[in-house]
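First up is the structure itself, then whatever we jot down about it.
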Amino acid sequence: MAERSNNWISYFLFFTLAVSSFVVIEPSPYDLLIILLLIIGFTFSIYSFSKEMVFPIIILSIFLISNILSLFFIKTIGPSIFFTAITFYLALTWIGIIGLSKRITRIRLQFILHGYLISACLSAIIGILAFLNLIPFSDLFLMYGRAKALFKDPNVFGPFLVMPALFSLSMTERKDMPLKKKMFYYLTFLILIAAVIISFSRAAWGNLFISLFIYLFLFKVNLFKRRIHTVLFIVIAGIPIILFIIQTPLIEDLLVSRLSFQNYDNERFGTQLAAFESGISNPLGIGSGQSENTFKYSPHSLYARVFTENGVIGILSFSFFLIVSTFKALSSYWSSKREDGVFYVVIFASLIGLAFNSFFVDTLHWRHFWLLLALAWIPLNERRNEW
């Protein structure tokens, strides 16, 4: 009976992640499924937490308390209540996913992550075809000529694809992987990279470069030969293909434009500076969701937003939560004894990339950010009947 229960959870999570890129409407299918899972989980007590999860839960709770405290200083109640509710919802998704960790074996986890990979690939293909004007109503999947697929913003679409791109590479390095499957994962990697490029998100490009660099050069001795093969693939096939893509007339002009200083950059960085100054002047924050009303422009930085809206307690607790979760993934990799442990390098590298991304984009309410923060705490459970 317990195994059947675990089976439906695996299939449910697989399907939930498989629709996670369809977020052009809110609440998205992902939100509805996660809320349903949370209701079932708390109603039927399917969640369980190990002792090591108590510490990050406490840190996260302090961050949530800072959100509540900041509400005493708000000027407009509507945006703050809505913004705070979303933050609490995403924190609950983190708690819900780590609460299922004991029910997820390493084989199940790999299966579930393929749901994310499928979602990312579908989104990437839609974005690429729309950018090339090869599908009807292409403009619906673009914003100012930049691919966004079924996201609302190219700046979210691009970073969403980074983790599955690394996951694809990790699958090519599995021992005894058949050549056909290996070539499929290589192709998947190239499709995802191409889609990140045509999102024309500078933060996403930096995210991808940092994440990929960390992934390629963080490995154990037993993976050395397979990692060399991965590097050779990127050098021989990946880089020439990328250079060919960015030199096409369709992309080159927009690429040059995006690499230059944008007119709104002064306003963006000026708002971030004002937000940090406000954080110093208001140690308990100005209230969640108040940035746009206060500065008339979004800070476009997770750190600037959290500091000004939730104060010193907020920025310290969330930063600590992010750091602890990121290095939990790294610690799990070094302590893992199976090749599946490379999963933690994927999570570690992706979180470092997102931490960089967060300097230039407000990522606090990104669903996949909270998913990665949760995956960092999932142990690779071993069982006799592993599925």
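The values are calculated or read from the model by the stated rules, or taken from the named source; none is laboratory data. Since the model is a prediction, treat every value here as computed from it, not as a measurement. In this analysis, Cβ positions are derived from the backbone assuming ideal geometry, glycine residues included, and neighbour counts consider all displayed protein chains. These accessible areas exclude ligands, DNA and RNA; they are computed on the full protein's heavy atoms, side chains included. Shrake-Rupley method; radii C 1.70, N 1.55, O 1.52, S 1.80 Å.
3J(HN,Hα) couplings calculated from phi for region 22-35 with the Karplus curve 6.51 cos²θ - 1.76 cosθ + 1.60 (θ = phi - 60°) are, in sequence order, 9, 10, 6, 10, 9, x, 7, x, 4, 4, 4, 5, 5, 4 Hz; Gly and Pro show x.
Would you work out which of Thr230, Ile128, Ala165 lies farthest towards the positive end of the dipole of the chain, given +1 charges on the beta-carbon of Lys and Arg and -1 on that of Asp and Glu, about the Cα centre? Of the listed residues, the answer is Thr230.
Across region 75-89, rounded Karplus estimates of 3J(HN,Hα) from the backbone phi angles (6.51 cos²θ - 1.76 cosθ + 1.60, θ = phi - 60°) give 9, 10, 6, x, x, 5, 5, 5, 5, 5, 4, 5, 4, 5, 4 Hz, Gly and Pro being marked x.
Using the Karplus relation 6.51 cos²θ - 1.76 cosθ + 1.60 with θ = phi - 60°, the per-residue 3J(HN,Hα) values for region 273-286 come to 5, 5, 5, 5, 5, 5, x, 5, 6, 10, x, 9, x, 9 Hz, with x marking Gly and Pro.
Considering only Arg338, Arg146, Arg174, the mean-square fluctuation computed in a Gaussian network model of the chain, springs between alpha carbons under 10 angstrom, is largest for Arg338. Which residues among region 272-293 fall inside the zone where the amide N is under 17 Å from a point 7 Å beyond the Cα of Tyr144, along Cα→Cβ? Answer for region 272-293: 272. Over the chain, Cα pairs under 8 Å with separation of 6+ residues give a relative contact order of 24 percent. Per residue, the accessible area of the chain comes to 45 Å² when a 1.4 Å probe rolls over the protein heavy atoms.
Compared with the direct C-alpha span, the chain from Glu52 to His114 gains 19.6 nm at full extension, assuming 0.36 nm per residue. Note: relative contact order over region 1-114, using C-alpha pairs below 8 Å and six or more positions apart, is 43 percent. Nonpolar atom fraction for the chain, defined as the carbon and sulfur part of the 1.4 Å probe accessible area, stands at 72 percent. Taking 0.36 nm per residue of separation and subtracting the current Cα-Cα distance, fully stretching the chain between Trp8 and Asp253 would add 83.3 nm. Taking all Cα pairs closer than 8 Å and separated by 6 or more residues, the relative contact order of region 279-387 comes to 28 percent. On full extension, the segment bounded by Thr43 and Ile65 gains 5.5 nm, given 0.36 nm per residue less the C-alpha separation.
Highest mobility in the GNM of the chain, judged by mean-square fluctuation with C-alpha springs under 10 Å and restricted to Pro240, Pro159, Pro56, is found for Pro240.
For Ile286, the residues whose modelled amide H falls within less than 5 Å of its own, excluding neighbours fewer than 5 places apart on the same chain, are Glu309, Asn310, Gly311. Tyr186 contributes an accessible area of around 20 Å² to the protein surface, as traced by a 1.4 Å probe with all chains present.
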